[in-house]
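The values are calculated or read from the model by the stated rules, or taken from the named source; none is laboratory data. Not measured: the values here are computed from a predicted model. Cβ sites come from the backbone with ideal geometry, for glycine too, and all protein chains shown count toward neighbours. Surface accessibility is based on the protein's heavy atoms, side chains included, excluding ligands, DNA and RNA. Shrake-Rupley method; radii C 1.70, N 1.55, O 1.52, S 1.80 Å.
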Amino acid sequence: MPERPLVWLLSAYRSESHASWVNWLSNQQDRPVRLRIFELPGRYFRWRIRGNPLSWMVEFRDALQQEQPHHILATSMVDIATIKGLHPELAGIPVTLYFHENQFAYPVGDRQHSSIDPQMVQLYGALTSERCLFNSRFNLESMLEGVTELLRKLPDAIPDHVVDELRAKSSVLPVAVDTVNTDTIPAQPGTMPMILWNHRWEYDKRPDRFEAVLDTLANRGVDFQLALLGPRPEKVPGELSAIREKHAARIVADGMVPRAEYETLLKRARVVISTADHEFQGLSMIEAVSAGAMPVVPDALCYREQYPGRFRYSPGNIDDATDRVCDALQENSAVDISRWTASHTGELWRNLMMYFSLPVGAIEDTNGTAAWDFYTG
């Protein structure tokens, strides 16, 4: 029996969502391809997005002496254009570029300097690749809008139809999210309703708005408990310190907890809230809602694709967000998020892997649609 084709999976920044994606793919037992995984740690963002071809240079040379890949699946932080230039053996290998995020719609923090370097890495990578996959329609459209805006600013010698070329090879395929098996978690009847935060404590998630919503709830006399989860930097964010001080009696969990405890808290949560300025898929929200929590999210970003209008508030409007939380605290009906979980997207990823296993240049018979496209597959 011939060996399955080899696919190189390149992830240049192993952060939470990227790691979840790699782990899920590598754990699939029925893949029609073999995966060889190359990853770099999720730190030093500016260096990672510009330096990954250098960091991997020797490792790739050694790997190519053993076996050439049949296909490359790379995250959008991988400088695939430079990698193909450094390794001529890869020049003809087809590439699928996967966008967990795009640097055209990523908010710049106060301590960061604005630079088009990350955008150019992603633009050249997209043009070099055979196909581009995005984890949400918002991600895809904001990328194309950003490219359009960038090209308008460049002084001269810009080719026509760049955005049309990118759109023609772009599809949506979300990260597969495994749902929480709440059947194995004991119920805790009679407890006070709990609000869950399970995001990074960083500027783009706007914990300052979360703090303001909690303060407004308290001023309205609403009873609630709090679970403060999600990764946080070594230096405690000011918003987290303030919440700990003002809402100490309400806090039932604070920090990164073991998986079993995390899933118990997801089942216990009545509401899971996002106050983010940026979100391209929102894996932690999907997990919590799959466990039964009511979502409260901005009426923007990827959330418009995922949650009914009654759970979405005007972005940045604290009173509106607080009203939605109050409504959600009283609601018990489940929100169907199954389309965004592995029960649906897992099959699409298997279809994509099947396509990777076809001979180079083969055309898949899909009646005009891509079998891995979330919206048409």
- Query: How much length is gained on full extension from Gln188 to Tyr375, taking 0.36 nm per residue of separation minus their Cα-Cα distance?
  - Reply: 63.5 nm
- Task: Heads up, I need the accessible area for Asp223: 1.4 angstrom probe, whole protein in place, Å², nearest 10.
- Result: 100 Å²
- Task: Give the whole-number value, in cubic angstrom per residue, of the convex hull volume spanned by the C-alpha atoms of the chain.
- Result: 161 Å³
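With n ≥ 4 as the cut-off for DSSP H runs, can you work out [θ] at 222 nm for the chain, using -39500 (n - 2.57) per run divided by the number of residues, rounded to the nearest 500? Could the numbers behind the result be given before it?
Details: 13 runs with 144 residues, N = 377.
So the helix-based figure for the chain works out to -11500 deg cm²/dmol.
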- Query: In terms of solvent-accessible area of protein heavy atoms at a 1.4 angstrom probe, what is the ranking of Lys84, Lys246, Lys235, highest value first?
  - Reply: Lys235, Lys246, Lys84
- Task: Write out the trypsin sites (Lys or Arg not before Pro) in the stretch 112-194 meeting two conditions: DSSP loop, and at most 16 other Cβ atoms within 10 Å of their Cβ.
- Result: Lys169
- Förster radius 45 Å - calculated FRET efficiency between Glu59 and Glu245 (Cβ-Cβ, nearest 0.05): 0.40
- Query: How big is the charge dipole of the stretch 67-200 about its Cα centre, in debye rounded to the nearest 20, if each Lys and Arg gets +1 on its Cβ and each Asp and Glu gets -1 on its Cβ?
  - Reply: 200 debye
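What percent does the relative contact order of the stretch 208-336 come to when contacts are Cα pairs within less than 8 Å and at least six residues apart?
Once divided by the residue count of the stretch 208-336, the mean separation gives 25 percent.
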- Find the centroid of the Cα atoms in the stretch 288-303 and in the stretch 30-66, then give the distance between the two in whole Å. 33 Å
- Where the only charges are on Cβ atoms (+1 Lys, Arg; -1 Asp, Glu), what is the dipole of the chain about its Cα centre, to the nearest 20 debye? 540 debye
- Query: Rounded to a whole number, what % of the accessible area of the stretch 291-334 do carbon and sulfur atoms account for, probe 1.4 Å?
  - Reply: 40 percent
- Which of Gly282, Gly309, Asn181 sits closest to the plus end of the dipole of the chain, meaning its Cα is farthest towards the positive end, when Lys and Arg get +1 and Asp and Glu get -1 on the C-beta? Asn181
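Where the accessible area of the stretch 45-90 is counted over protein heavy atoms with a 1.4 Å probe, how much of it, in %, is carbon and sulfur?
C and S atoms contribute 52 percent here.
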- Message: How much accessible area per residue does the chain have, counting only protein heavy atoms and a probe of 1.4 Å, in square angstrom?
- Response: 46 Å²
- Task: Mind putting a number on the dipole of the stretch 278-377 about its Cα centre? Charges go on the C-beta only, +1 for Lys and Arg and -1 for Asp and Glu, and I need it in Debye to the nearest 20.
- Result: 140 debye
